Amino acid sequence: MIEITPSFSIDDNELQFTFVRSSGPGGQNVNKVATAAQLRFDINQSTLPGQVKERLRHIAANKITTEGELLIEAKRFRTQEQNREDALNRLVELLRRGFEKPKPRRKTKPTAASQQKRLAEKKQRGEIKKYRQTRNYE
């Protein structure tokens with residue numbers, strides 16, 4: 001079980017790890033060993049609450065496949081274990097962000113002073129444009 005919040009955790013069997021060859025540093029080893037970790041997490045089949053699923057789809061939209069799987073690739077390190085841990089930490093961080101409820105927006109009105117300032121600037125702009133006009137005197 002992987003703890004996301006004190007009240008919610010996900011089961012290990014909801015995650016699917018595959019290891020692929022990684023680019024980057026590693027010399028000859030990079031061509032022989034599959035060290036990059038790909039973590040797949042099926043959002044649709046998960047035990048996450050509905051609101052969290054929706055927020056997660058919004059937060060990680062570019063990391064979700066057409067099948068609805070969240071795909072995280074970790075290839076920062078040279079070992080499978082470190083990359084696996086990195087992918088897991090990134091998933092947990094994404095899920096925690098999904099559990100945070102967005103702060104509701106409060107409507108505000110412009111202050112009287114700001115309205116007066118805006119109108120004064122508009123008036124001044126109008127005066128400038130008025131003086132640019134050519135006058136036809138007959």
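Things to note:
- Qualifying residue in segment 41-54 (condition: part of a helix (DSSP H, G or I) and of a type in the set (A, V, I, L, M, F, W, C)): yes
- Of the candidates Ile2, Ile10, the single residue that is touching a strand residue (DSSP E or B) at 6+ places or on another chain (Cβ under 6 Å), among the aliphatic types (A, V, I, L, M) and either loosely packed, with under 12 Cβ neighbours inside 10 Å or at pLDDT below 75 (or both) is Ile2.
- Once segment 82-121 is narrowed to residues that are loosely packed, with under 10 Cβ neighbours inside 10 Å and charged (D, E, K, R), the residue that is nearest to Leu71 (Cα to Cα) is Lys101.
- Counting only residues that are over 17 Å from Ile2 (Cα atoms) and open to solvent by 40 Å² or more (accessible area, probe 1.4 Å), segment 70-81 holds 8 of them.
- Against the conditions (1) acidic (Asp, Glu); (2) outside any strand (DSSP E or B); (3) under 27 Å from Pro102 (Cα atoms), Glu81 satisfies every one except (3).
- Residue match in segment 45-52 (condition: touching a residue at least 12 places away in the same chain (Cβ under 8 Å), over 21 Å from Ile2 (Cα atoms) and either surrounded by fewer than 16 Cβ atoms within 10 Å (Cβ to Cβ) or more than 19 Å from the chain's Cα centre (by Cα) (or both)): no
The values are calculated or read from the model by the stated rules, or taken from the named source; none is laboratory data. Remember, predicted model here, so these are calculated numbers, not experimental data. Note that we place each Cβ from the backbone using ideal geometry, even for glycine, and neighbour counts take in every protein chain shown. Accessible surface areas use protein heavy atoms only, side chains included; no ligands, DNA or RNA. Shrake-Rupley method; radii C 1.70, N 1.55, O 1.52, S 1.80 Å.
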